[in-house]
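Below you'll find the structure, written out as structure tokens, and then a few comments.
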Amino acid sequence: MRQNGPVIDLWYKNAIIYSLDVGTFTDGNGDGVGDFRGLTDRMPYLAGIGVTCVWLLPFYPSPERDDGYDVADYYGVNPRYGTLGDFVEFMSQAREMGIRVIVDLVVNHTSDQHPWFQAARANPDSPFRDWYVWSKKKPADANVGMVFPGVQETTWTWDARAKSYYFHRFYKFQPDLNVGNREVREEIERIMGFWLQMGVSGFRIDAAPFLIEDKGTKAPLGAEQYAYLTEFRRFLSWRTGDAVMLAEANVEPRDTLSFFGDGDRMNMMFNFWGNQHLFLALAREDASPLVQAYHDLPALPPTAQWGSFLRNHDELDLGRLTPEDRQFCFQEFGPELTMQLYGRGIRRRLAPMLNGDQRRMELAYSLIFSLPGTPVIRYGEEIGMGDDLSLPERQSVRTPMQWSDAENGGFSTAPAAKILRRPIGEGEYRYERINVEAQRLDQASLLNWVERLIRIRKECPEIGWGGAEFLKTTLPAVMAHTCRWRGQTLLAVHNFSRSRCTVRIELPEGTRELRHLFGRNPSQPIIVSTPELDLEGYEYRWLRLVGN
Ligand code: NOJ
């Protein structure tokens, strides 16, 4: 029986987060670039599929050499996407639709065009000089620790004006900010304060481990560095009590808790560990790597939360797998060299990785929606968009949203020649075939399925609140787990294999009844005394477990 309790205010525990890039979502003024006006018009669509929070990728003024992750002004909107006024209109519409907004906070580095960097390089006595990281001599480790190996050659670049080398973890046009400088940290807080005042509910913290490191030393993180996170969190929570920080931190399980602190640092972290092992499990058609991955992860402080995701706007980073497991994933999901990136990842969208097999895509989404954490999906995933491998690096997975079979996929009314980022117009994933309008009309479409998945996920708060318990099954391909909270228990069963099977599950003691909640085969009852289940290839089932 469900025990009632007061409603708990941690909204992010059971949010449905949808990430998008304003420039590739919808062009509202027909100039060939997506913008805030276009996005504002699409908010009812997002509310309709059940999204409760939008994560906006960087939209600030920028030379756009890394899709806006090279910020030239933290207090504005890139004129390509509209004005600050358009941003406020968008925020108002989001509130009307009951959708929260979080924005990317990219303060590990600035653009080299940022006035702070320009001032810093021009004058050694400038107050901004120490906002960056300099060295008269090229450090011996300049050629290690590049984030984009094969594209980025070094982490220290000579600046003729400053007559010094400057440190950059990422591309050379992204000089690192020196977070050890108190003024830099105060400025970061000012930026947070600005956007909070504009009504956002928090931040996705770009490159969190690099942001706090002792810049330029590449030394392991210590107490002093983690304390910056506490400082930022304190500021955030005083300003806006329910605002959150969602960290991009692809770290080993043993380092995870340092980012959460005692619940006084990051509210959320993307679950990169779970993500990479989920793909390994899919590739091997064996649930064990995923079960093991969740066992490897520490128990989180009660207010902390994972962000569960499949793909994001970068490559699928498989760098934490063993070389053998990584190769196996490459072979299964990105066998050609052009599909791979930086020696560690796959630059494809989910649908083509899974050969467009909707059953397998459903399996993958059912997993991230039922494992402990808050699901984070990305625009276009709900319709199974493809990628364009003719584009360089990560651009392959950043093509415009496909709304309809109209010209430019309904993304823009501009003549094709004026479109900055072209929607996918050829091949199996072209917008004539894969688009929102067509999938709306098709009851069996991925879009309609995702809508139902979101609806059922909202009815299962135990997933967001309760940790997972993995049950014994008689087949390694089948994973069964429960999430339990306030007397309500979900049982989810997933068959990773393409083959049908009959599996037996060791149910928790005291189980009296299993009621079907979600899945493709609702008619098959499960007898609790002999809990045997026939599953089709890639089948999943969500059941409500009654009785203990
Ligand atoms: C991580 C972002 O996800 C990626 O797209 C970007 O290039 C780097 N951080 C640098 O900001």
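The values are calculated or read from the model by the stated rules, or taken from the named source; none is laboratory data. Here the structure is a predicted model, which is why all the values come from computation and not from measurement. Note: ideal-geometry Cβ built from the backbone for every residue, glycine included; neighbour counts use all protein chains shown. Each accessible area value is taken on the protein alone, full model and side chains, heavy atoms only, with ligands, DNA and RNA left out. Shrake-Rupley method; radii C 1.70, N 1.55, O 1.52, S 1.80 Å.
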Based on what the data block shows, is residue 69 in the same structural domain as residue 208 (by TED's automatic domain parsing), away from the ligand (no atom under 15 Å from the Cβ) and at pLDDT 95 or above?
no
From the options 173, 167, 148, residue that is closer than 20 Å to residue 212 by Cβ, within 16 Å of the ligand (Cβ to nearest atom) and either within 33 Å of the chain's Cα centre (by Cα) or open to solvent by 60 Å² or more (accessible area, probe 1.4 Å) (or both):
167
Would you tally the residues in the range 176-208 being within 16 Å of the ligand (Cβ to nearest atom) and in a loop (DSSP other than H, G, I, E, B)?
3
Is there any pair with a first residue in the range 50-78 that is free of Cβ contacts under 8 Å to residues at least 40 places away in the same chain and a second that is of a type in the set (A, V, I, L, M) and open to solvent by 10 Å² or more (accessible area, probe 1.4 Å) whose Cβ atoms are under 6 Å apart and which are 6 or more apart or on different chains, and what are they?
61/72
With the requirement that a residue be within 16 Å of the ligand (Cβ to nearest atom), under 11 Å from residue 179 (Cβ atoms) and open to solvent by less than 40 Å² (accessible area, probe 1.4 Å), what does the range 209-236 give you?
211, 212, 213, 215
Report, by residue number, each residue of the range 89-119 that is under 14 Å from residue 43 (Cβ atoms) and either free of Cβ contacts under 8 Å to residues at least 12 places away in the same chain or part of a helix (DSSP H, G or I) (or both).
89, 90, 91, 92, 93, 94, 95, 96
Counting only residues that are more than 16 Å from the ligand (Cβ to nearest atom) and more than 16 Å from residue 253 (Cα to Cα), the range 302-340 contains a total of 20
Within the range 372-394, tally of residues that are in contact with a helix residue (DSSP H, G or I) (Cβ under 7 Å, 6 or more places away or on another chain) and of a type in the set (A, V, I, L, M):
3
The range 67-96, residues that are of a type outside the set (A, V, I, L, M), open to solvent by 60 Å² or more (accessible area, probe 1.4 Å) and under 16 Å from residue 202 (Cα atoms)
75, 95
What is the number of the single condition among (1) on the phi > 0 side of the Ramachandran plot; (2) open to solvent by 20 Å² or more (accessible area, probe 1.4 Å) that residue 11 does not meet?
(1)
Verdict on residue 133 being in contact with a strand residue (DSSP E or B) (Cβ under 8 Å, 6 or more places away or on another chain), closer than 18 Å to residue 188 by Cβ and within 15 Å of the ligand (Cβ to nearest atom):
no
In the set 359, 348, the lone residue that is among the charged types (D, E, K, R) and either open to solvent by 40 Å² or more (accessible area, probe 1.4 Å) or at pLDDT below 95 (or both) is 359
Do we find a residue being touching a residue at least 24 places away in the same chain (Cβ under 8 Å), under 24 Å from residue 310 (Cα atoms) and within 16 Å of the ligand (Cβ to nearest atom) anywhere in the range 402-417?
no
Somewhere in the range 446-459, is a residue without any contact (Cβ under 8 Å) to a residue 60 or more places away in the chain and open to solvent by less than 20 Å² (accessible area, probe 1.4 Å)?
no
Could you look through the range 72-88, keep only residues that are assigned to a loop (DSSP other than H, G, I, E, B) and over 23 Å from the mean Cα position of the chain (by Cα), and pick out the one that is nearest to the ligand (Cβ to nearest atom)?
72
Which residue, of 399, 374, is of a type in the set (S, T, N, Q), away from the ligand (no atom under 16 Å from the Cβ) and modelled with pLDDT of 95 or more?
374
Any strands (runs of 3 or more DSSP E) falling wholly within the range 470-524 and containing at least 2 residues that are surrounded by fewer than 17 Cβ atoms within 10 Å (Cβ to Cβ):
501-504, 513-519
Going through the range 22-66 one residue at a time, which ones are touching a strand residue (DSSP E or B) at 6+ places or on another chain (Cβ under 7 Å), open to solvent by less than 10 Å² (accessible area, probe 1.4 Å) and away from the ligand (no atom under 16 Å from the Cβ)?
46, 51, 53, 54
Please go through the range 372-418 and pick out each residue that is out of contact with any strand residue (DSSP E or B) (no Cβ under 6 Å at 6 or more places or on another chain), buried (at least 19 other Cβ atoms within 10 Å of the Cβ), assigned to a loop (DSSP other than H, G, I, E, B) and not hydroxyl-bearing (Ser, Thr, Tyr).
380, 384, 385, 386, 387, 388, 398, 400, 401, 402, 403, 411
Filter result for the condition that a residue is outside the structural domain of residue 292 (by TED's automatic domain parsing) and modelled with pLDDT under 95, over 513, 539
513
Kindly establish whether residue 160 is open to solvent by less than 10 Å² (accessible area, probe 1.4 Å), more than 16 Å from the ligand (Cβ to nearest atom) and not assigned by TED's automatic domain parsing to the domain that holds residue 17.
no
Matching residues, the range 335-345, being open to solvent by 40 Å² or more (accessible area, probe 1.4 Å) and assigned to a loop (DSSP other than H, G, I, E, B)
335, 336, 343, 344
